[in-house]
Amino acid sequence: MRVLVTGGAGFIGSAFVRQLIQEEPATTVINVDKLTYAGNLESLESIAHSPRYHFERADICDAKRMQRIFDDYRPTAVLHLASETHVDRSIDGPAAFIATNVVGTYTLLEAARQYWKSADSMTREALRFLHVSTDEVFGSLGPAGYFSENSSYAPRSPYAASKAAADHLARTWHETYELPVLLTNCSNNFGPYQFPEKLIPLMILTALEEKSLPLYGDGQNIRDWLYVEDHCHALRRVLAVGRVGESYNIGTNNEKRNLEVVELLCALLDELRPRAKGGSYRNLIQFVADRPGHDRRYAIDASKITRELGWKARESFESGLRKTVQWYLDNLPWCEQVMQGSYRGERLGALS
């Protein structure tokens, strides 16, 4: 199998690439990444010298380059992960989200379609285009219920709207042109190598600097948390045996309030890296003004992927969080390196 991964230097993408190279000896991986602030080739050092790994620095909005990459590498699968992902950044600068998530997805779908149309019968039969999306396209849940594959779309941030548009494009390219598309919507990912603008790594690194830990609003917003390695196993399962034209929700029933997440994280830091002057890291928690359009609750019904494809998460939230905290403690030089750019842990998306 030859898998073209867009966004393979990002958080989920690099985890997926590492998994494939380490666990599937018959698979070749082509990593296409623009290397924006959140793309980091250091996340791929462990597999970078494999003869089955190839890297192409390219923008998915570049139609000619995308067509050339398809023609040069002749992939049998595409995993489309490349996107702008941070809600707060989308509030400050939505244009980049429209360009990459909407126009970029269209450009990639068209390149895949032209390649698929001209491919030999074996490649046409084998090719799968897996578009990876988020539960945020469904909007905000009340205190009960779960997002299913049939939930209505109701995005409430520029990020969510751009991903919703990309989802619709992917489905349309299947319905109109019969491109063999599959789609997944996942819950909040966490784990090693995540860029420190996201909640868990930001709180870890901020706590280690003895700075206040800012929680939006009352800290009671709820998310379903998914360990990144489990997500990658699910994506591999969808590529292998998922039904063309279908969508699959990927989640773990690990609903946690943001305050609870940070308190659990602080307890682990208290155990693994106690404060020099004593006291708990919990004492650093500070509530700040909420962000605009902050969805109250997300929760995923993942029964379809379990029932039809046999996937089930291996990590609990607690075991995954312990692994994550320990990884950041052991890899502070990586964190310092990726924080050398324009982002230094400041608040984004405040509309101030």
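Bear in mind that the values in this text are calculations on the coordinates, not laboratory data. Since the model is a prediction, treat every value here as computed from it, not as a measurement. When we count neighbours, we look across all protein chains shown, and the Cβ atoms used for this are built from the backbone with ideal geometry, even at glycine.
Quick rundown of the values:
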| quantity | calculated |
| --- | --- |
| Charged-residue dipole, Cβ positions (Lys, Arg, Asp, Glu), the stretch 98-223 about Cα centre, Debye nearest 20 | 120 debye |
| Residue order, fewest to most beta carbons within 10 Å, for Trp334, Trp225 | Trp334, Trp225 |
| The stretch 20-144: relative contact order as a whole-number percent, Cα under 8 Å and 6+ apart | 26 percent |
| Helix runs (DSSP H) in the chain reaching 27 Å along axis by Cα, Kyte-Doolittle at least -1.0 | 158-177 |
| Charge dipole of the stretch 1-114 about the Cα centre (unit charges at C-beta), most positive-ward option of Gly93, Ser14, Leu109 | Leu109 |
| Exposure proxy order (Cβ contacts within 10 Å, fewest to most) of Asp290, Asp224, Asp330 | Asp330, Asp290, Asp224 |
| P(r) histogram, all alpha-carbon pairs of the chain included - 10 Å bins from 0, percent | 5, 25, 36, 24, 8, 1, 0 |
| Low-density loop positions, chymotrypsin sites (Phe, Trp or Tyr not before Pro), the stretch 12-102 - DSSP coil, at most 16 other Cβ in 10 Å | Tyr37 |
| At q = 0.12, 0.14, 0.17 Å⁻¹, base-10 log of I(q)/I(0) for the stretch 15-87 (Debye sum, equal scatterers on each alpha carbon) | -0.34, -0.46, -0.69 |
| Furthest towards positive pole of dipole, His168, Gly191, Leu259, structure part the chain, Cβ charges | His168 |
| The chain: antiparallel DSSP beta bridges as a percent of all, rounded to 5 | 10 percent |
| Order of Leu169, Leu226 - criterion: other Cβ atoms within 10 Å of each residue's Cβ, fewest first | Leu169, Leu226 |
| Relative contact order, percent, the stretch 206-352 [alpha-carbon distance under 8 Å, six or more residues apart] | 36 percent |
| Cα-based equivalent ellipsoid of the stretch 22-131: semi-axis lengths in Å, sorted from largest, via gyration tensor | 25, 20, 11 |
| Peptide ranges 303-310, 74-81, 110-117 listed from the most packed, as the mean C-beta count within 10 angstrom indicates | 74-81, 110-117, 303-310 |
| Relative contact order (percent, whole number), the chain, Cα cutoff 8 Å, 6+ residue spacing | 18 percent |
| Most mobile listed residue (Ala313, Ala299, Ala95) in the chain, GNM with C-alpha springs under 10 Å | Ala95 |
| Positive dipole terminus of the stretch 1-140, leading residue within Pro75, Met1, Met122 (C-beta point charges) | Met122 |
| Size of electric dipole in the stretch 38-136: Cβ of Lys, Arg +1 and of Asp, Glu -1, about Cα centre, debye, nearest 20 | 520 debye |
| Loop GluC sites (Glu not before Pro), the stretch 206-248, which have at most 12 other Cβ atoms in a 10 Å radius of their Cβ (DSSP) | Glu209, Glu210 |
| Net dipole in debye of the chain [+1 Lys, Arg Cβ; -1 Asp, Glu Cβ; about Cα centre; nearest 20] | 180 debye |
| Reachable lysines, given that their alpha-carbon falls under 16 Å from the alpha-carbon of Lys34 and they are not under 8 places away in the same chain | Lys64 |
| For the stretch 38-52, 3J(HN,Hα) per residue [Karplus equation, 6.51 cos²θ - 1.76 cosθ + 1.60, θ = phi - 60°, Hz, x = Gly/Pro] | 8, x, 9, 5, 5, 5, 10, 4, 5, 10, 4, 9, 5, x, 9 |
| Over the chain: helical MRE at 222 nm, DSSP H runs n ≥ 4 each giving -39500 (n - 2.57), nearest 500 | -12000 deg cm²/dmol |
| Hydrodynamic radius of the stretch 138-252 per Kirkwood, over alpha carbon pairs, in Å | 16.5 Å |
